[in-house]
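Peer 1: Just passing along the structure, written as structure tokens.
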Amino acid sequence: MNYTPHHQQARRWGALSVVAASILWGTTGTAATFAPAVSPLAIGAVAMGLGGLLQAVYAARHIGAQWGRLHARWRLVLLGATAVAVYPLAFYSSMHLSGVAVGTVVSIGSAPVAAALIERFADGKLLSRQWILGAMVGIGGAALLSLAGHSPAPNEPGPGPDSWTSTAGILLGLLAGTTYALYSWAAHRLTGQGVTSRAAMGAVFGLGGILLMPVLAATGGPLLESWQAAGVGTYMAVVPMFAGYLLFGWGLARVGASTATGISLLETVVAAVLAVFVVGERLPALAWLGAAVVLASLFILTPRRQPGAAEGRRAGATAAPSAPPPR
């Protein structure tokens with residue numbers, strides 16, 4: 001496929017936009033450690049809850065224009081919103097128990113596997129040999145991470161690196177990856193049924209944010225006890241969750257889905273580097289090996305997300321962009 005210079009420049013800016021979003025997402029785990037008195041449930045609720053409400057406000061005009069189509073597909077909207085509400089609670093709890101680096105790698109690494117299984121059973125898409133290989137590699141990497149655990153920073157709050165907490169963190173990371181894949185699939189299905197991308201994301205994230213409000217009300221008291229905790233909560237909601245998703249959505253409209261997914265793997269690298277050099281986590285060699293294996297599985301899995309039919313759609317009429325993977 002030949003690209004004009006203008007198209008090539010747009011793709012470069014789109015790729016840089018996805019890079020910027022991935023860097024922002026990679027800071028969330030480290031940012032949460034600056035509010036040690038705030039529970040991971042409160043961090044997740046304020047990040048995705050307020051961030052989701054901001055998405056809804058930003059897309060309010062589009063939601064209003066598409067209200068009839070959204071209402072007709074309320075079950076799909078509710079499914080996506082429920083996944084949006086569960087995802088941050090599982091994700092930040094996973095990082096709390098197994099460490100920022102391990103929790104992030106498992107959550108992001110398990111999502112392509114979950115997405116492929118959802119597509120297999122919901123959409124009837126066959127699993128390729130490449131996917132089976134990537135899944136086996138990813139599961140092996142997650143097993144190495146679970147066995148290795150992590151050593152917390154000297155002043156890091158929360159449980160120690162015993163095998164139970166590490167395994168619980170791994171399981172919560174798998175739940176986070178599954179719900180991440182589920183709400184991405186739901187939003188993508190909505191766009192495939194004639195709902196605009198902004199309306200679909202705004203509705204799913206907005207309703208998910210509403211579902212998280214009771215959790216925030218029950219657990220968010222410590223966010224108001226200090227300026228630092230309040231600052232962390234504000235940063236999480238506004239920067240990675242709101243601005244990050246805007247950047248990713250803008251970039252995804254200009255680069256292929258597989259390209260954007262591959263670039264977003266940068267999040268795991270950013271999270272691991274910050275966890276070691278800022279938080280002070282100490283990962284044993286086996287954990288680094290497990291993280292590398294999970295990343296390798298992602299590079300194996302990513303190409304299958306760009307089937308040949310998608311190339312044809314992009315070569316013809318403009319298609320609605322895929323839903324961004326949420327964080």
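The values are calculated or read from the model by the stated rules, or taken from the named source; none is laboratory data. Keep in mind that this is a model prediction, so the values were computed, not measured. As a convention, Cβ positions derive from the backbone with ideal geometry for all residues, glycine included, and neighbour counts pool all protein chains shown. Only protein heavy atoms, including side chains, enter the accessible area calculation; ligands, DNA and RNA are left aside. Shrake-Rupley method; radii C 1.70, N 1.55, O 1.52, S 1.80 Å.
Peer 1: Is it the case, given these coordinates, that L223 is over 23 Å from V18 (Cα atoms) and modelled with pLDDT of 80 or more?
Peer 2: So L223 fits the description; yes.
Peer 1: Scan the range 208-244 for residues that are over 16 Å from the mean Cα position of the chain (by Cα), closer than 22 Å to G80 by Cα and among the β-branched types (V, I, T) and jot them down.
Peer 2: Selection gives I210, V215.
Peer 1: Scan the range 298-313 and give yes if some residue there is modelled with pLDDT of 70 or more, open to solvent by 40 Å² or more (accessible area, probe 1.4 Å) and either of a type in the set (S, T, N, Q) or touching a strand residue (DSSP E or B) at 6+ places or on another chain (Cβ under 6 Å) (or both), otherwise no.
Peer 2: no
Peer 1: Kindly check whether there is at least one residue in the range 113-135 that is part of a helix (DSSP H, G or I), in contact (Cβ under 8 Å) with a residue 24 or more places away in the chain and touching a Pro at 6+ places or on another chain (Cβ under 6 Å).
Peer 2: no
Peer 1: From A85, A47, A81, A35, grab the single residue that is among the small types (G, A, S), touching a residue at least 24 places away in the same chain (Cβ under 8 Å) and not in a helix (DSSP H, G or I).
Peer 2: One residue alone meets the criteria, A35.
Peer 1: Is it the case that the range 45-52 has a residue that's more than 28 Å from G134 (Cα to Cα) and either open to solvent by 20 Å² or more (accessible area, probe 1.4 Å) or of a type in the set (F, W, Y) (or both)?
Peer 2: yes
Peer 1: Another question, if that's okay. Any residue in the range 266-285 that's farther than 17 Å from S98 by Cβ: show its pairings with residues that are crowded, with 21+ Cβ neighbours inside 10 Å and not β-branched (V, I, T) at Cβ separation under 6 Å, as long as the two are six or more apart or on different chains.
Peer 2: From residues that are farther than 17 Å from S98 by Cβ, the pairs are L266/S22; V270/G26.
Peer 1: Further question: Given the criterion open to solvent by 10 Å² or more (accessible area, probe 1.4 Å), under 30 Å from P284 (Cβ atoms) and either not in a helix (DSSP H, G or I) or not charged (D, E, K, R) (or both), identify the matching residue among T191, T178.
Peer 2: One residue alone meets the criteria, T178.
Peer 1: Go through (1) closer than 24 Å to A230 by Cβ; (2) open to solvent by less than 70 Å² (accessible area, probe 1.4 Å); (3) not aromatic (F, W, Y) and name the single condition G99 misses.
Peer 2: Checking G99 against (1) closer than 24 Å to A230 by Cβ; (2) open to solvent by less than 70 Å² (accessible area, probe 1.4 Å); (3) not aromatic (F, W, Y), the one that fails is (1).
Peer 1: Going through the range 225-243 one residue at a time, which ones are open to solvent by 40 Å² or more (accessible area, probe 1.4 Å) and either closer than 11 Å to A35 by Cα or of a type in the set (D, E) (or both)?
Peer 2: Selection gives E225, S226, W227, Q228.
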